[in-house]
Amino acid sequence: MNEQSQEFKAEVKELLNLMIHSLYSHKEVFLRELLSNASDAIDKARYAALTDSTVYEKDTDWKIKITVDRENNTLTVSDNGIGMSRSEIIESLGTIAHSGTREFLRQMQDAAAASKEADLIGQFGVGFYSSFMVAEKIRVLSRKAGLPPESAVLWESTGEGNFLVKDAIKEGRGTDVIVYLKEEERKYLQEWEIKGIVKKYSDFIEHPIFLDIEREKPSELDKTKTIKVREEEKINSQKALWLRDKAEITKEEYDEFYRHISHDFSAPHRVIHYKAEGAQEFTALLFIPSVAPLNIFYRDYKIGPMLYVRRVQIMKNCEDLIPEYLRFIKGVVDSSDLPLNVSREILQNNRQVEVIKKSITKKVLETLADMKNNEREEYEKFYRQFGRILKEGIHFDFSRQEQIGDLLLFESINRDAGSYCTLQDYIDSLKEGQEFIYYITAASHQEAVNSPYIEAFKKNGYDVLILTDEIDDILFSGFQFKEKQFKAVLKGDIDLQGEDKKEELKGKYGRLLDFMKEQLKEEVKDVRFSGRLTDSPCCLVYDEGDIDQRLEKLMKAMGRHVGQTKRILEINPSHPIYEAMNSLFEKEGQSDELKSYIKLLFEQALMLDGSKPNNPVELMKTISGLMINNLAVRLKA
Ligand code: ADP
C-alpha cells in the first residue's frame, strides 16, 4: 500500500494546535472553507479542460456534494474537480504556502495575550486546517484528473503532529474530504444546520452544491405506510451576484460575497458595480476593502480581480486587469467578448484587456475621489490602510499623475499629528511668491516638527509636507503637481531670505568660511551659509539629486551597494557662535583651538540628524579639553 507517515511542518503544527483548542464561536466556517476549496478545484479542472482536451474525461457535470453519515459521525464534502496527486497532497496538506498565514500565526500569538484570538480565526479564513476545530480525524481521498482510479491517494490525520498517506482506489476524479466530527460537534450532521451555513456563506458558489436529504414518502406498495428515502437536493442558488440587477442586491449580499472572495471578515468600504457596453462588453463588481490583508506587502500577494468569461471562471486573480498601485481592489470582472480558452500569455498585452483595465482604473479613481470629497472621514480610514500603495501610482502611471496626486493625503508641520491635508489644500495656502511644494522626509510627525531643517520655514510661516514612508523620497523627488515642483527641505539650497543678505555675510565671514572648508574637506562637499536655520548653529544637507539617508539605509537593507554620499555643512550666520569664532580667527589666526571648534561643529551637525559622531573618542577629548579650559578661566576669575 506504500504507506508513509510524515510530520507536519512546524508552522502547521502550530496552526493545528490552535485549531484543535480553538474557542472560536463560529466554527461553522470550516464548511465554508471546504466548499470554497471544492469550488476552486472545479474551476481549475474546468479551465484545464478548456485548454487541454486530452486530459479530461467527458464528464463535465461539475458538482459539489455534501454527504452525512449519522452512524459514523462523518460529514463529507466531495467534488469532481482537479484532484491531487500524492506529491501534491503532501505539499498542499502538510505545509503552509502563504506568508499571510504565517503572519496570521504571529498575530495570533500577539493577540493571545489580549485573548482576542477567537475573532481572528474568522477574520482570516484559515482554509482546510480549520476543519480541525470540529474534527477528531480527517480523511482526504483524492484522484488527480487524468490519472487512473488506482493512482488515487488517501491522506489521514488527527491533527496531532503527523499525517499518513497511502495509495488508494477512487472511482471518479476529484476529492472527498471526510470529516470525523467530535462528539460535541454532531450538530453539523443536521440538515437544517448545513443548509443554513451554505445559505449564509456559500450561496453564490457558481457550481451546484447537493445535499442528500432524507424524506418520508408514501410507499408504492402500501399507500397507507411511509418509507424513508434519500434524495439529492441542490441547496445553493448559484446566482452570479454580479449579473443580477443592482437595485435588487442588498448590502448584506454584497458584503457576504466580498467576504467569500476576499477572506476578509470586515465589510468593504465601497462597492463598485457596473456594466460596460461599447468597445468591450463586461460587468465589473469591485470592492474597496476597509482593512488591508495581512500579506499585501508580501511577494506572494495575488493581484487582480477574478476573471470570468461569460460566467465561466478563467482565473482567480488576473493581474492584467488592474494597475499595481490599485492592488488592494478585490472583485470580479465578467467579460462577454474574450475567448473562453484565453491563457495568461494571451491576456498580457491584449488590447481588449487593456480597454477593461483602463475602464476599471478610471472607475476606481473616480470612486476614491468621490469618497475623498464627500466622506472625508471614511476616506482617511481608507488612506491609512492603503495610501502607501495608492501613491506608487504617481511614479508608475504617468498619464494619471495629477489625478492620483489629487487623492493623496499628507501630514504637515502646521497640522497636528494624524491630521491630513491634500495637495490642493497646500497649494491654496501658499505664501506670496512661494515657488515650491516643500516636503521633509522623516520617521514620524514628531521627528519632522522637531527637525532643525525646518526652522526657517516655521519662522516664516511656510508649511512643509511630512513624508514618512521609506519610498517617499523616490516617489516625490521630481514630482510636479499643478505646475508646482516638489522640493525636499533636506536637500539642496533653500533660500527664504534673499540674495542680498548672503552677499553681506560673505563680506563679514568669508575668510572664516574658507578656513572651515579647508579644515573639513575630507568630511564634506562644501561649507556654506544656510537659508534654512534660525536657531541651530549648523546642519548637514544633501546636494540636490543626492539620495537621502533613509533611502540609503533602505537600499543597503535590500543588499544594494551605495557609496557614502558627502554632504554639505550649512552654517547659521546669525548664531552668536560665528561672531565669537570670527573674533578669535581675526585675533589669533589659524589656531588649534579654532580647528577644534570647527571639528566640533561638524560633529554636532552629524548628531543633529541622528548620525553617530565620526570619531567619538576624539570628540570626547575635545569637549573635555574645552571644559577644562572654561573651568580654569572661571576659577581664576
Ligand atoms: P487555500 O485554499 O487558501 O490555498 P487550504 O489550506 O484550504 O488553503 O488548501 C491548501 C491547498 O490544498 C489548496 O491551495 C489546494 O491546492 C489544495 N486543496 C484543498 N482542497 C482541495 C480540493 N478539494 N481539491 C483539490 N485541491 C485541494
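Every condition in (1) of a type in the set (D, E); (2) open to solvent by less than 90 Å² (accessible area, probe 1.4 Å); (3) touching a helix residue (DSSP H, G or I) at 6+ places or on another chain (Cβ under 6 Å) holds for D535 except the one numbered (2). Pairs are defined by a Cβ separation below 7 Å, a sequence spacing of at least 6 or placement on different chains, a first member in region 28-50 that is farther than 16 Å from M84 by Cα, and a second member that is assigned to a helix (DSSP H, G or I) and near the ligand (Cβ under 7 Å from one of its atoms); the pairs so defined are E33/G127; E33/F128. Of the residues in region 268-275, at least one is more than 16 Å from the ligand (Cβ to nearest atom), free of Cβ contacts under 8 Å to residues at least 12 places away in the same chain and not β-branched (V, I, T). Only strands (runs of 3 or more DSSP E) whose full extent lies in region 260-372 are considered here, and the ones with at least 3 residues that are under 18 Å from the mean Cα position of the chain (by Cα) and within 25 Å of I205 (Cβ to Cβ) are 282-288.
Scanning region 252-267 for residues that are more than 16 Å from the ligand (Cβ to nearest atom) and either touching a Cys at 6+ places or on another chain (Cβ under 8 Å) or touching a residue at least 12 places away in the same chain (Cβ under 8 Å) (or both) returns E253, Y254, D255, E256, F257, Y258, S266, A267. The criterion of being part of a helix (DSSP H, G or I), at pLDDT below 80 and more than 21 Å from W192 (Cα to Cα) holds for L50. Of everything listed in (1) away from the ligand (no atom under 16 Å from the Cβ); (2) modelled with pLDDT of 75 or more; (3) part of a loop (DSSP other than H, G, I, E, B), the single unmet condition for K58 is (2). Checking each residue in region 125-156 for being surrounded by fewer than 23 Cβ atoms within 10 Å (Cβ to Cβ), within 13 Å of the ligand (Cβ to nearest atom) and closer than 11 Å to I169 by Cβ picks out only L141.
Taken over region 159-177, residues that are modelled with pLDDT of 95 or more and either open to solvent by 30 Å² or more (accessible area, probe 1.4 Å) or part of a loop (DSSP other than H, G, I, E, B) (or both) amount to 6.
The residues of region 38-49 that are surrounded by fewer than 20 Cβ atoms within 10 Å (Cβ to Cβ) and either under 26 Å from the mean Cα position of the chain (by Cα) or near the ligand (Cβ under 9 Å from one of its atoms) (or both), listed by number, are D40, K44.
Restricting attention to region 142-177, the residues that are acidic (D, E), in contact with a strand residue (DSSP E or B) (Cβ under 6 Å, 6 or more places away or on another chain) and touching a residue at least 24 places away in the same chain (Cβ under 8 Å) add up to 1.
The values are calculated or read from the model by the stated rules, or taken from the named source; none is laboratory data. A quick note: this is a predicted structure, and the numbers were derived from the prediction, not measured. For neighbour counting, all protein chains shown are included, and Cβ atoms are generated from backbone atoms with ideal geometry for every residue, glycine included. Ligands, DNA and RNA are excluded from the accessible area calculation, which covers all protein heavy atoms including side chains. Shrake-Rupley method; radii C 1.70, N 1.55, O 1.52, S 1.80 Å.
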